């Protein structure tokens, strides 16, 4: 079986990202948070190291949300019945996103709260 050209593989990946953004509420929330962090980062002139941390966290949370969507779609494709293993897979994938988002929020607070407090 012949593989698609590399440019088509990128196209499929971008389609997956676009469809997820269009169809999934949670990734829209994560993207809105990303925009807010960028605005605050520019406003507070955060350091290069802090930008690196923010970029890594953006990539982690958004990537996990994409994987979560893929897991949910795959489970739904395999079964429409309520099965304990299907629930386990979906809940674990959602949990991975939640853990990364919580830690991203904690790190965001560590970066921005001292700057906000200094303004007050």
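For segment 1-29, the set of residues classified as farther than 26 Å from residue 71 by Cβ and part of a helix (DSSP H, G or I) consists of 7 only.
Among the listed residues 68, 45, identify the single one that is modelled with pLDDT of 95 or more and under 23 Å from residue 14 (Cβ atoms). It is 68. Can you pull out every residue in segment 19-61 that is touching a helix residue (DSSP H, G or I) at 6+ places or on another chain (Cβ under 7 Å) and within 11 Å of residue 104 (Cα to Cα)? Of everything in segment 19-61, those that are touching a helix residue (DSSP H, G or I) at 6+ places or on another chain (Cβ under 7 Å) and within 11 Å of residue 104 (Cα to Cα) turn out to be 30, 34, 37, 53, 54, 57, 58, 60, 61. Just one of the listed residues (101, 32, 94, 89) is on the phi < 0 side of the Ramachandran plot, surrounded by fewer than 13 Cβ atoms within 10 Å (Cβ to Cβ) and part of a helix (DSSP H, G or I), and it is 32. Looking at the structure I just gave you, is residue 59 modelled with pLDDT of 95 or more, assigned to a helix (DSSP H, G or I) and surrounded by fewer than 13 Cβ atoms within 10 Å (Cβ to Cβ)? In short, yes.
The values are calculated or read from the model by the stated rules, or taken from the named source; none is laboratory data. No experiment lies behind these values; they were computed from the predicted model shown. Neighbour counts are summed over all protein chains in view; Cβ atoms, including those assigned to glycine, are modelled from backbone coordinates with ideal geometry.
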